[in-house]
Amino acid sequence: MFTGIIEEVGRVKALHRGVKSFMLEVEANLVAQDTKIGDSIATNGVCLTVTCLHDHGFTADVMPETVERTALGQLQPGSLVNLERALTLHSRLGGHIVSGHIDGTGRIAARRQDDTALWLTIECDSKLLRYIIEKGSITVQGVSLTVARVDERSFSVSLIPHTQAVTTLHQARVGDLVNLENDIIAKYVEKLLGKTPDEGIMDKLRDNGFL
């Protein structure tokens, strides 16, 4: 589990591509500390298992399923990535509960500067948008953010200067693909109520004032 509070921005050192998968080498300092082989590091929001440690970073395998469902396949040597080590019992839960299991991807539809705030509007599939509510939580490229606005095809977030400074989101450009993880609580509520997505349980909860 993670919190969506980025510890460090790392840099892709190399990608060793196979037919459908690849091995990813990341240059990093902080997240490599106290890390062991087999530990988890969220990389742009994707939970990856450390398979090798070196002086300034780590190596992880990216499987075909992950390549298909996330934006990691677009990485190139030199790409910057948001990094976070797994949550411990001694950690502060400063963001929200994040699993590192990406629900899908979205695309940056617009960006604008509003004084010191950077607004990003992200278009995504309705299957993802159904779990996104105004003032709720969303993870974008591994970053825990508060949803500022939601419409029929997209949602918007407003980044404070600190988030712009310590993550890669300030580099986001219109058309970029980003990893999205919905708030896990909404998904469990839907599952426990024994409803299927087609029955519109999230819409019913909103209509009755629960969301």
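Converting phi to 3J(HN,Hα) with the Karplus coefficients 6.51, -1.76 and 1.60 and the offset θ = phi - 60°, segment 42-47 yields 6, 10, 6, x, 9, 6 Hz in sequence order, with x at every glycine or proline. Taking 16 Å as the straight-line reach from the Cα of LYS191, the aspartates and glutamates in range (excluding those fewer than 8 positions away in the same chain) are ASP103, ASP183, GLU199, ASP203. Taking every alpha-carbon pair within segment 1-48, the share separated by more than 12 Å comes to 69 percent.
For the pair GLU68 and THR116, a Förster radius of 35 Å applied to the C-beta separation gives a FRET efficiency near 0.40, rounded to the nearest 0.05. All alpha carbon pair distances within segment 111-167 were sorted into 10 Å bins beginning at 0; the resulting P(r) in whole percents reads 24, 57, 18, 1.
Divided by 2.2 N^0.38 Å, where N counts the residues, the Cα radius of gyration of segment 95-200 comes to 1.06. For segment 15-81, the Kirkwood estimate of hydrodynamic radius, built from reciprocal distances between every pair of different alpha carbons, is 12.1 Å.
With helices as the sole contributors, the chain gives -3500 deg cm²/dmol at 222 nm; each DSSP H run of n ≥ 4 counts as -39500 (n - 2.57), and the sum is divided by every residue.
Taking Cα centre as origin and charging only the Cβ of basic (Lys, Arg, +1) and acidic (Asp, Glu, -1) residues, the dipole magnitude of the chain rounds to 120 debye. Remark on ASN182: its backbone amide H falls under 5 Å from those of ASP103, a criterion applied only to residues 5 or more positions apart or on other chains, H modelled at 1.01 Å from N. Summary of the geometry: segment 153-173 and segment 56-83, compared by the centres of their Cα atoms, lie 20 Å apart. Pairs over the 22 Å Cα-Cα cut-off, from the set LYS135/LYS187; LYS127/LYS187; LYS20/LYS187: LYS20/LYS187.
Computed from the coordinates by the stated procedures, all read-outs in this text should not be read as laboratory data. This one's a predicted model, so the numbers in the text were calculated from it and none came from an experiment. Using ideal geometry, Cβ is built from the backbone for each residue, glycine included, and neighbour counts are taken over all protein chains shown.
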